[in-house]
Amino acid sequence: MPFATTFLAMPPLTFHLIPHTHWDREWYLPEAAFRARLVAMVDDLVDRLERDTGFRSFLLDGQTILLEDYLRVRPDRAAKLRALIEAGRLQTGPWYVLADEQIPSGEALVRNLLLGRADAERLGGRSDVLYSPDAFGHPAVWPDLAREFGIAHGVLWRGLGGERGQEHDLYRWRGPAGGAVGLYHLPPQGYEVGSALAVDPNRLAAAWRQIRRPLVARAAGEHVAVFLGADHHWAQPDIGRLRDRLALLEPEHEVRVSRLDEFCRAAFSSARALPILEGELRWSYGYTWTLQGVHATRAHLKRRNSEAEVRLERIVEPLAAMAGAREEIDCRPHLAAAWRTLLENQFHDSICGSATDVVAEAMACRFAEVEAMAGEIRRRAFHHLVGHSPDRARDESASAHPSLVLWNPGARTRAGVTIAELSFFRRDVLVGPPGTRRPRHGSGYRPFSLRTGAGDVLPVQVLGRRITQRRLDADRHYPDQDEVDLVRVAVRAPAVAGLGFTRLDPAPAQRAPSGGVGVRGGALSNALLQASLAPGGALRLVDRRTGERFVDLLRLESGGDVGDTYTWCPPPADRIRRSESPPRTRVLARGPLVGVIEGRSALSAGRGVGRRGAGQVSARLVVRLHDDSPLVHCQLLIDNQAADHRLRLRLPLGLGGSPIVTGTQFGTMLRHPVDTIDLVRYPDERPVTTAPAHRFAAAACGRRGLAVLAPGFFEIEWTETGDLMVTVLRAVGQLSRGDLPTRPGHAGWPEPTPLAQCLGVHQLHLALVPIVEDDLRRGDVLPRLWEDAFLPVAAEWLPDAPLALPEDAIELEGEGLVLSAIKPAEESSGIVLRCYNPTGAHVSGKWRFGVTRQRASLVRADERGPIPVPLLERGRCLPFEAPPGAWVTHHIG
């Protein structure tokens, strides 16, 4: 029976059938297995699109990596793909991979879209809809990403729905930087809503009736999207006949096969007075699973991802950009390869840890690849910039004089205590068959100082010394292997301009360094702080500027976790265990420039491995303090020998009732404790009390406050009593369980994941810093402290001198502005500079350069839409305006 007789009062509707597949590149199977299935699916798809004109278009999941994978096996079909994409029959992009969108950095999301655009355009054209069908929530900057890439519409599922005012399918979502996107929200069934529709008329009417009513009820206008597809599904057998059959059921309405962008344009052009969304989207508990428990699953891989992001964004790209500006070396192909490899790990099931162990092992291999590529790009760019030639060093080794080169990765002048490693030759290590060669011998380490170019002598504090081997690689020689004394020292470095270089030469030791760091009675102190270790390995901290005291910081505690890789689930009558062992403290360095103490602790946790009873966790906390620095550097080494538990660090800040500020992509977010949750209201999934954070989490009231800094992404919880919880790891043993009270039903295919128990040694780098409430109002205070903690002035010991250090420098001025990127331009020569304004005020900023620049343009984050802007001061100053929340991107040449 046609449906029109039932809905006579309804205005004419247009049903848009959108054929697609959602393709998890790796999940419960490894990437190689899914790639084999992908090739067969795309082979069939291409053949059907070519011969069936009624099959108008197909959405290939919004990520170009699928075509990259396909063409790796079927390069002969590149021309066919291009013809289909150019004709609009096959839609690809705009993403390179469908990443989790809350864990990667903001710049990683930008690189994802840059690579996706490049691939899509190379193959015939990009889909201009920001498609995120399965990410586990979405960051507040999502609309800003869309605007910065010229995208007007978006589609998503999780993170929105189920609350009052969220009953319809169309919204206008605004970002903190002013971007706005027309957002289509998928129905509760998600992108699989139409997967059960069949051409068979005996089954079609009943299946259509089941999905039609809720789709029409949600529609904000006369256009209704019907997604036809599901995970790893091939295209439906006969799209044209399906459309015709549905048209017979809808004689008063139109049924058409549409591209996703066609539907979005039609739906939003006719929609009026849409609801406005702002902020992140992480709450869909009354609508569909949100799965926020993934933020701490396989946490060590997330930390490794953050470290790789920092290395690429803030070390490798700036060096490559500056080297490329001198037209000496083009690192862009190598950078693209490194980013592609890293982004493969940011696919949502991969970086979230909700995949099998074989996927986690593949991720570890990719991280190792990224680290190796990043190291090689950095080495080559750095050597070109400072004039170091390993070949010359080999040829002229007898006359070479080593030097220590300092480089400042921050865009502001910095000085202070720097830690460096220097090597002193002991003897040759001969490699190859025995012959007439005789190894050279050297004197090794002798006490030394360092001398600036102005002749100032800088005494050093020796922090450690060991005999090891060093290899010098060169382009035209075999590597030179030496036995050396490796000496780790602290030195009070001179001021180094932003992105600038300076050199220190070794000199005879003359005197001991002076400084204010000391250790007395096990307490480590400088003029600003005092730090000591308490029973259980906790940290006591005194802010000597304000008199504020913090006790019991970083105490480890463990609670049971019988959940799976998606969802945290405490066992019945769970017991929280805390480290309570007597203090075992040792002094590793007494100052005067750097002081270091360590403490060891242990606690019972979870389930024992291979035996009954509780497991064990042992910890080593190394605390480091620099002269004249407010930062407390903390290195935590955890040996986890316990299963089925969640390990966290507790920091009681004494700030109950205050919100906490967390870093996010391109800004900050104010978070409050999650109120008591009505479990009756959310029977299908218990909302989490944890939240994502990037780089820092900080709370302050008046003069009392503390910030926790981390290299990148981490999971936190902020309690009503003012305790900050930082998750170290979740130890779970199943990909998915169907019997969880916190989430009844399987979220994935059941599979054992013993590696997700995270047994063994894990390392965390954190920094603590006392702050005051005013520090939270300025947008650049916490990012600058983060830079000082994790991007200090770098020091590299080079075996040859003299060196020709560049005169270039890049500095950012403007109170509140935060450096985000300094990178080579994607499609032309020159350097791209990006900063953002996380404050609520308008900021006037300036870029300053050490050498003359010839031209400058204001561009979007996609590096297009150039607007020429003037350079001042003979090409060494670029002024600009940054509205509240804005990203500001320039291209200079």
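Tally up the residues in segment 728-742 that are in a strand (DSSP E or B) and open to solvent by 10 Å² or more (accessible area, probe 1.4 Å), please.
Selection size over segment 728-742: 2.
Please go through (1) farther than 20 Å from PRO390 by Cα; (2) loosely packed, with under 15 Cβ neighbours inside 10 Å for PRO459 and return the number of the only condition it doesn't satisfy.
(2)
Working carefully through the options ASP684, ASP678, find the one that is farther than 16 Å from GLU717 by Cα and either part of a strand (DSSP E or B) or in contact (Cβ under 8 Å) with a residue 40 or more places away in the chain (or both).
Going through ASP684, ASP678 in turn, just one is farther than 16 Å from GLU717 by Cα and either part of a strand (DSSP E or B) or in contact (Cβ under 8 Å) with a residue 40 or more places away in the chain (or both): ASP684.
Is there any pair with a first residue in segment 359-388 that is at positive phi and a second that is not in a helix (DSSP H, G or I) whose Cβ atoms are under 6 Å apart and which are 6 or more apart or on different chains, and what are they?
Qualifying pairs under 6 Å: GLY387/LEU803; GLY387/ALA804.
Could you please find all residues in segment 518-548 being in contact with a Pro (Cβ under 6 Å, 6 or more places away or on another chain), closer than 19 Å to SER581 by Cα and either open to solvent by less than 30 Å² (accessible area, probe 1.4 Å) or acidic (Asp, Glu) (or both)?
Just the residues of segment 518-548 that are in contact with a Pro (Cβ under 6 Å, 6 or more places away or on another chain), to begin with: 528, 533, 535, 543.
Still in the list and also closer than 19 Å to SER581 by Cα: 533, 535.
Scanning segment 518-548 gives a single hit, LEU533.
Can you say whether ARG511 is basic (Lys, Arg) and assigned to a loop (DSSP other than H, G, I, E, B), as far as the supplied structure shows? Spell out the reasoning first.
Numbers: basic (Lys, Arg): yes; assigned to a loop (DSSP other than H, G, I, E, B): yes.
When the stated conditions are applied, ARG511 passes them.
Quick test of your reading of the structure: GLY93 fulfils all but one of (1) in contact with an Asp or Glu (Cβ under 6 Å, 6 or more places away or on another chain); (2) not charged (D, E, K, R); (3) not in a helix (DSSP H, G or I). Name the failing condition by number.
If we test GLY93 against (1) in contact with an Asp or Glu (Cβ under 6 Å, 6 or more places away or on another chain); (2) not charged (D, E, K, R); (3) not in a helix (DSSP H, G or I), just (1) comes out false.
Give all pairs with beta carbons closer than 6 Å in which a residue from segment 790-802 that is at pLDDT 95 or above meets a residue that is aromatic (Phe, Trp, Tyr) and in a strand (DSSP E or B); count only pairs at least 6 apart in sequence or on separate chains.
ALA794/TRP407
Report, by residue number, each residue of segment 743-754 that is surrounded by fewer than 19 Cβ atoms within 10 Å (Cβ to Cβ) and outside any strand (DSSP E or B).
Selection gives GLY745, HIS746, TRP749, PRO750, GLU751, PRO754.
Please count how many residues of segment 811-835 are more than 23 Å from GLY663 (Cβ to Cβ) and either open to solvent by less than 10 Å² (accessible area, probe 1.4 Å) or not in a loop (DSSP other than H, G, I, E, B) (or both).
Quick first cut of segment 811-835, residues more than 23 Å from GLY663 (Cβ to Cβ) only: 824-831.
Pick out the ones that are also either open to solvent by less than 10 Å² (accessible area, probe 1.4 Å) or not in a loop (DSSP other than H, G, I, E, B) (or both) and you get 824-825, 831.
Result for segment 811-835: 3.
At least 2 residues that are farther than 30 Å from ASP128 by Cβ and touching an Asp or Glu at 6+ places or on another chain (Cβ under 8 Å) in each: list the strands (runs of 3 or more DSSP E) lying fully within segment 219-336 that qualify. Step through it out loud before you land on a result.
On the way: elements: 223-228, 254-257, 276-278.
Where strands (runs of 3 or more DSSP E) fall fully within segment 219-336, none carries at least 2 residues being farther than 30 Å from ASP128 by Cβ and touching an Asp or Glu at 6+ places or on another chain (Cβ under 8 Å).
Identify the residue in segment 391-413 that is modelled with pLDDT of 95 or more and open to solvent by 20 Å² or more (accessible area, probe 1.4 Å) and, among all such residues, is nearest to the chain's Cα centre (by Cα).
Among those that are modelled with pLDDT of 95 or more and open to solvent by 20 Å² or more (accessible area, probe 1.4 Å), it is ARG412.
Being among the hydroxyl-bearing types (Ser, Thr, Tyr) and touching a His at 6+ places or on another chain (Cβ under 8 Å) is the filter here; which residues of segment 122-149 pass it?
Answer for segment 122-149, where residues must be among the hydroxyl-bearing types (Ser, Thr, Tyr) and touching a His at 6+ places or on another chain (Cβ under 8 Å): just SER132.
Across segment 190-204, what is the number of residues that are surrounded by 17 or more Cβ atoms within 10 Å (Cβ to Cβ) and farther than 28 Å from VAL39 by Cβ?
So the count comes out to 1.
Anything in segment 415-446 that is among the aliphatic types (A, V, I, L, M), open to solvent by 30 Å² or more (accessible area, probe 1.4 Å) and within 16 Å of VAL460 (Cβ to Cβ)? List them, or say none.
Hits for segment 415-446 are ALA415, ILE419.
So is THR719 of a type in the set (Ser, Thr, Tyr) and closer than 22 Å to ARG784 by Cα or not?
No.
Given ARG471, ARG503, ARG492, which one is assigned to a strand (DSSP E or B), open to solvent by 50 Å² or more (accessible area, probe 1.4 Å), within 30 Å of ALA697 (Cα to Cα) and not β-branched (Val, Ile, Thr)?
Numbers: ARG471 fails: within 30 Å of ALA697 (Cα to Cα); ARG503 fails: within 30 Å of ALA697 (Cα to Cα).
Matching residue, one of ARG471, ARG503, ARG492: ARG492.
Could you grab me the full set of residues in segment 853-878 that are of a type in the set (A, V, I, L, M), in contact with a Lys or Arg (Cβ under 9 Å, 6 or more places away or on another chain) and not in a loop (DSSP other than H, G, I, E, B)?
Matches in segment 853-878: LEU872, LEU878.
Would you please list the contacts, defined by Cβ atoms under 9 Å and residues six or more apart or on different chains, that run from a residue in segment 739-768 that is in contact (Cβ under 8 Å) with a residue 24 or more places away in the chain to a residue that is open to solvent by 80 Å² or more (accessible area, probe 1.4 Å) and assigned to a helix (DSSP H, G or I)?
Sorted first by the residue in segment 739-768, then by its partner, the pairs are LEU755/GLU361.
Looking only at segment 808-842, how many residues end up being more than 22 Å from PRO176 (Cβ to Cβ) and touching a strand residue (DSSP E or B) at 6+ places or on another chain (Cβ under 9 Å)?
13
Pairs under 9 Å by beta carbon, first residue on the phi > 0 side of the Ramachandran plot in segment 306-323, partner of a type outside the set (D, E, K, R) and assigned to a helix (DSSP H, G or I), six or more apart or different chains?
As it stands, the answer is none, since no pair meets every condition given.
Only one of (1) assigned to a helix (DSSP H, G or I); (2) touching an Asp or Glu at 6+ places or on another chain (Cβ under 9 Å) fails for GLU121. Which number is that?
It is condition (2) that GLU121 fails.
Of everything in segment 15-45, what is open to solvent by 30 Å² or more (accessible area, probe 1.4 Å), of a type in the set (A, V, I, L, M, F, W, C) and closer than 22 Å to PRO752 by Cα? Give them in sequence order.
If the condition is that a residue be open to solvent by 30 Å² or more (accessible area, probe 1.4 Å), of a type in the set (A, V, I, L, M, F, W, C) and closer than 22 Å to PRO752 by Cα, then LEU29, ALA32, ALA33 are the ones that fit.
The values are calculated or read from the model by the stated rules, or taken from the named source; none is laboratory data. Predicted, not measured: the structure shown is a model, and the values here were computed from it. All Cβ positions, even for glycine, are placed from backbone atoms using ideal geometry, and neighbour counts span all protein chains on display. We work out accessible area using only protein heavy atoms, side chains counted, and drop any ligands, DNA or RNA first. Shrake-Rupley method; radii C 1.70, N 1.55, O 1.52, S 1.80 Å.
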